[in-house]
Amino acid sequence: MTRITHDGQSFSIDNRRVWLVGAGIDYARVPPDMWADRIAAAKQAGFNTVVTTCPWLVHEPRKGRYVFDGFGNVRRFVELCIEQELYVGVKVGPYVGGSYDGGGLPSWLREIASISLRDGGPLFMERVSLYLRKLIGEFSNLQVTSAKPGGVIFVQAEQSWHCTNDDLAESYLAEINRHIRENGVYVPIFTANGLWIDTPGTVETWTGWDGLLSNLRQLRVIHPDRPRVVSSLEIASPVVWGEEPPPQRDADAIVHRVAQVLAAGAQPMLAGFHGGTNFGFLGGRMPGGPDRFVATAAAPGTLLGEGGARSAKYERVKRIMTFASHFGFVFAELDTDYQPVTLAVDQIGGEDAASRRKRCGGPAVVPLRGAQGRVVFLFDEPGVTDQAATLLLDNGLPLTIHMGDQWVTWLLLDVDLGGRGRLDYCNLRPFALIDRSILVLYGPEKSPAHLSINESAMETTVPTGAKPRVIRHGDMTVVICNEQQIDATYIAGSRVYVGADGLDASGQPLPKPGFTHITVIGGQGEETQTQRAAPIVKAPPTIRLDTWGYVSCSGYVDGSNPRFASIAGPETLDACGTPSGYGWYRVQFKSASAAKRLCAVPDIGQRLHLYVDGDPMGIAGTGPGAMGNFFELKVGKGEHVAVGLADHTGRFSGGNDFGRRKGWFGHLFAVKPVKASRPKIESGEPISPLSVRPFILGQSETRLTSDQQIVWSFEHRRKTPIIIHVHNVEAYGAFLLNGTPVTWYAGATGETAMRFVVQADDSSPFKRGRNELRFAPDPDCVNGLDAMMKSLALYECVENLTEGGSWGFARWEAPPVGQFASPGRGGPKVSKGQPGWWRTTFTPKPSTVPAWFDTEGLSKGQVYLNGHNVGRYFTATATGARVGPQRCLYLPESWLKPGEENEIMVFDEHGFDPSKTRIEYRVRGEFEV
């Protein structure tokens, strides 16, 4: 069996060093028919590794029912990477984060009584062990240890376990690693826990964006015997419904961060090479607010757009990634003890560029050296281009570097060129070394080029125009490109193509706009030109969808639909057999009098459309257009039917409110405010947060809460429950009732809200009579106590309105095609304000330009294309108020049927008319540049 080992600098496969340059592509967010295209784009951008994530909820959506086909065919995805001779990094979890619903954990786990997540409890670990056995079995014989070109080269366990609890880490993280090894994983196990905990037998990696050079140098000191890897360099952020799109990081900033990683002698993995799509209900919820639900476009701003288009960032980042891959043999053998003093490059840009240049005299220089040669990085000010800097080599030779359109550059000195010669020096940026015979360099056009191979110096200039300069220098073919040409340079086998816009599926170059010829260069210096003008790609015209069929949901809204089946009481969606999507609940209850009541539904997941006797009462829960969990409800005396449409908008993908349930799983209460004493701040005994629960992100065994605590007191002499309600408070800490910790409030690390129900019983510290409620904040949150004192409210549940009622549940599903009919004269009447289904057909023309469904005129709901769930839209609230920001949904090419009849089906939560919707063709999504 092939062996993979590592030292403090790099990994080795049977003593052959490898250097990993990774691109993140999540198979669960890309249609399987398009995996090969996305993987090929990563290879052409210079990456030699694909990093992918395994969301447990995709592979086991129901307990014990495993899915490893379709979107879950991880084996096929790895095989496609191997066909491209790429390495693969597999993030197996069980928790993976990544803005997935529930961080990738299936929601049915919370149906197991007494289970706790991510803390090594036996109930959780039993399910983890079963899942990992199935998952790893799909790719265990595709590891690099099976002696294939490419293959799985590392497995990552867990993600961002930022908690210092040594005993828990031993029972959880170490146990996960044991299961991974016992199921046949022989490659290194990565962890990415921010140095909160050290797990023996693993390679702890770094994640983040800022301070990379300094942090990675420190990581070398902490773990001198392990290679440094940035396993998740986040170059794009998810879009959140109702918020402005996040600022996008430009290409130069990404190159600067990658250069910092390489200058630290570390291996970069770009988490956002291709963001993909949150099809169906795959998107999660971000901590830091009450309604931060992730949009359908998973992460705009990546190198490869949602529809597969290569952005301008793609070409710019391709420069450094190709360099890092092709000259990985130099990085893999760097001297880990050589860490010379240099300027702190992550602080460049903190002052006026002209002032810093005057003070420092030029860019920051970071030199590296090793057995295979030397690498030098030069970091200049952001936005500073067309500058020159002169380096003095160790032999006294001055070497002037023209930085051109980049504010970071890199050089090679004394590098062995695969046995064909030694590159003594060069003032151009190295791009690639192909087949040990072709050296590709680039720089600003017209700039002087100085290089020496085997002590034979050569001088020339960087060419202008579209044709590269090809020079035979000893046994090497030297290709010199300008910056425009290098962005049109691609490598296939032993050939270099200049003037290309990528390679097609057969490896042939595609012509690039602006170039009339493609220059082909071989290893002996032979040079040919192919005249291939870039085709004019014309997008088909917009398809207007103004003829729709309609099916009302009124039978569900009023509770009369025969599909309602009896259930024992309020239950989660999972308990009702619905692992994702919506669900219809019905409860028949009796009101003793006609009155307007203040009501609450504390136990719902995300959002609940509430109807009483067919009339809309509003949306309970969170998010745009929702009325919260407390609302006024007016019903008459007698029997009533309440119906709730539970909306699975997304569970937290991280933070300390992680693991919440979904659906309508608690009763409807009539409530009234409880008068409490005026809150006061007083000194109290600090407590350990881990005494409240053993795993809390950002907490440790030695960290205690503050002694500055808020105290409320209140009288309650009945047996009725009390709801502790907090809204929009960022301070986090522990709540104590009568001196006993009862819950941890997540604040800014979660929803910034809470509805906690306490009831007097033998197991509760809540008692009849006088009670004391205390909030012990984290020491970092003492300044946020005023907001907590203003926000916290207590409510008594004076009446359980649905207790003893008859409950039912109906699955949310599309109606048969035959039920759709055009609304209006002679057709169905559109039920205004009620959910409804719409259907239309269209015949698209063949096109290589991606198609997008514009949801203009709709409210919130789901879109289906030919039976495939395209995803969620949230264009407007029930009143028509704009939400966004995403309005257009990607229609994957592999799901369209050109020249045939195609079907679009829309479920709109408020029955909005889709006649303004349309299908548009454009290369990029609405947030992509």
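For helix 74-83, report the angle its Cα long axis makes with the longest principal axis of the Cα atoms of the chain; keep it between 0 and 90° and round to the nearest 10°.
Around 10 degrees separate the two axes.
Assuming R0 = 51 Å, what is the FRET efficiency of THR848 and TYR186, from their Cβ-Cβ distance, to the nearest 0.05?
According to the calculation, E is roughly 0.75.
Only helical DSSP H runs with n ≥ 4 go in: add -39500 (n - 2.57) per run for the chain, normalise by residue count and round the 222 nm mean residue ellipticity to 500 deg cm²/dmol. Could the numbers behind the result be given before it?
Working: 13 runs with 125 residues, N = 929.
Counting only the DSSP helices, I get -4000 deg cm²/dmol.
Measuring with a 1.4 Å probe in the full set of protein chains, what accessible area per residue, in whole Å², belongs to the range 674-797?
Spelled out: the 1.4 Å probe surface of the range 674-797, per residue, equals 45 Å².
Given +1 on the Cβ of Lys and Arg, -1 on the Cβ of Asp and Glu, and no further charges, what dipole in debye does the range 1-74 carry about its Cα centre, rounded to the nearest 20?
The dipole magnitude comes to about 120 debye.
With a 10 Å radius around each residue's Cβ, average the other Cβ atoms per peptide and rank 878-889, 838-849, highest first.
878-889, 838-849
Could you order the peptides 312-324, 273-285 from most to least packed, using the average number of other C-beta atoms within 10 Å per residue?
Per-residue Cβ counts within 10 Å, averaged per peptide and sorted highest first, yield 273-285, 312-324.
Which order do MET905, MET1, MET617 take when ranked by solvent-accessible area (1.4 Å probe, heavy atoms of all protein chains), largest first? Each step should come with its number before you reach the end.
Details: MET905 15, MET1 160, MET617 55 Å².
The ranking, largest first, comes out as MET1, MET617, MET905.
Which order do the peptides 429-435, 747-753 take when ranked by the mean count of other beta-carbon atoms within 10 Å per residue, highest first? Let's see the in-between values first.
Details: 429-435: 22.1, 747-753: 23.7.
Final packing ranking: 747-753, 429-435.
Work out the charge dipole of the range 815-921 with +1 on the Cβ of Lys and Arg and -1 on the Cβ of Asp and Glu about the Cα centre, then indicate which of PRO898, HIS868, GLY880 is farthest towards its positive end.
In the range 815-921, that residue is GLY880.
Distance in nm between label sites at ILE112 and SER171, each 7 Å beyond Cα in the beta-carbon direction?
Output for this residue pair reads 1.4 nm.
If the reach is capped at under 25 angstrom between alpha carbons, list the lysines near LYS672, excluding any in the same chain fewer than eight residues apart.
LYS590, LYS596, LYS634, LYS637, LYS680, LYS719, LYS767, LYS790
So if each residue of separation counts as 0.36 nm, and I subtract the Cα-Cα distance between LYS637 and THR743, what length gain in nm does that give?
Full extension of this stretch gives 34.4 nm more.
Send over a whole-number figure in Å² for the accessible area per residue of the range 815-921, probe 1.4 Å.
Value returned for the range 815-921: 39 Å² of accessible area per residue.
Could you work out the relative contact order of the chain? I mean the mean sequence separation of Cα pairs under 8 Å and 6+ apart, divided by the number of residues, in percent.
In percent, rounded to a whole number, it is 11.
First obtain the Kirkwood hydrodynamic radius of the range 674-797 from its Cα pairs, then insert it into the Stokes-Einstein equation at 20 °C and 1.002 mPa s, and state the resulting D in µm² per second as a whole number.
It diffuses with D of about 148 µm²/s by this estimate.
Helix 312-326: angle to the longest alpha-carbon principal axis of the chain, degrees 0 to 90, nearest 10?
60 degrees
What's the angle, to the nearest 10 degrees (0 to 90), between helix 122-139's Cα axis and the longest principal axis of the chain?
40 degrees
Starting from the range 1-31, pick out the trypsin sites (Lys or Arg not before Pro) whose DSSP state is loop and whose Cβ has at most 12 other Cβ atoms within 10 Å. Present the calculation step by step, with values, prior to reporting the outcome.
Details: sites: ARG3, ARG16, ARG17, ARG29; in loops: ARG3.
Sites meeting the loop and neighbour criteria: ARG3.
Say the cut-off is 27 Å between C-alpha atoms; which of LYS148/LYS897; LYS63/LYS860; LYS829/LYS860 go over it? Mind showing how you got there, number by number?
Numbers: LYS148/LYS897 37 Å; LYS63/LYS860 30 Å; LYS829/LYS860 20 Å.
Correct reply: LYS148/LYS897; LYS63/LYS860.
What size of dipole, in debye to the nearest 20, comes out for the range 4-331 about its Cα centre when the only charges are +1 on Lys and Arg C-beta atoms and -1 on Asp and Glu C-beta atoms?
560 debye
If you place +1 on the Cβ of every Lys and Arg and -1 on the Cβ of every Asp and Glu, how big does the dipole about the Cα centre of the chain come out, in debye to the nearest 20?
Values: 94 positive and 98 negative charges, 381 e Å.
With Lys and Arg at +1 and Asp and Glu at -1, about 1840 debye.
Which one of GLY308, VAL128, GLY72 has its Cα pushed farthest toward the positive end of the charge dipole of the range 4-331, where Lys and Arg give +1 and Asp and Glu give -1 at the Cβ?
Result: GLY308, furthest along the dipole toward the positive end.
So what is the accessible area of the range 181-340 per residue, in Å², with the probe set to 1.4 Å?
Numbers: 4340 Å² over 160 residues.
For the range 181-340, the per-residue accessible area is 27 Å².
Compare the Cα positions of ILE687, GLY644, VAL671 along the charge dipole of the range 540-688 (+1 at Cβ of Lys, Arg; -1 at Cβ of Asp, Glu; about the Cα centre) and return the one farthest towards the positive end.
The Cα lying farthest towards the positive end belongs to VAL671.
Of the labelled options [x] 2, 6, 8, 10, 12, 15, 18, 13, 7, 4, 2, 2, 1, 0, 0; [y] 2, 11, 17, 18, 17, 17, 12, 5, 1, 0; [z] 2, 11, 19, 22, 19, 14, 8, 4, 1, 0, which one gives P(r) over Cα pairs in 10 Å bins from 0, in percent as computed for this structure?
Matching entry in [x] 2, 6, 8, 10, 12, 15, 18, 13, 7, 4, 2, 2, 1, 0, 0; [y] 2, 11, 17, 18, 17, 17, 12, 5, 1, 0; [z] 2, 11, 19, 22, 19, 14, 8, 4, 1, 0: [z].
So which trypsin sites (Lys or Arg not before Pro) in the range 418-520 pass both tests, a DSSP loop state and at most 13 other Cβ atoms within 10 Å of the Cβ?
For trypsin sites (Lys or Arg not before Pro) across the range 418-520 that sit outside H, G, I, E and B with at most 13 neighbouring Cβ atoms in 10 Å, the list reads LYS446.
At 1.4 Å probe size, with the rest of the protein present, what percent of the exposed accessible area of the chain is carbon and sulfur atoms?
Roughly 47 percent, rounded to a whole number.
The values are calculated or read from the model by the stated rules, or taken from the named source; none is laboratory data. Everything numeric here is computed off the predicted structure, so don't read it as measured data. All Cβ positions, even for glycine, are placed from backbone atoms using ideal geometry, and neighbour counts span all protein chains on display. These accessible areas exclude ligands, DNA and RNA; they are computed on the full protein's heavy atoms, side chains included. Shrake-Rupley method; radii C 1.70, N 1.55, O 1.52, S 1.80 Å.
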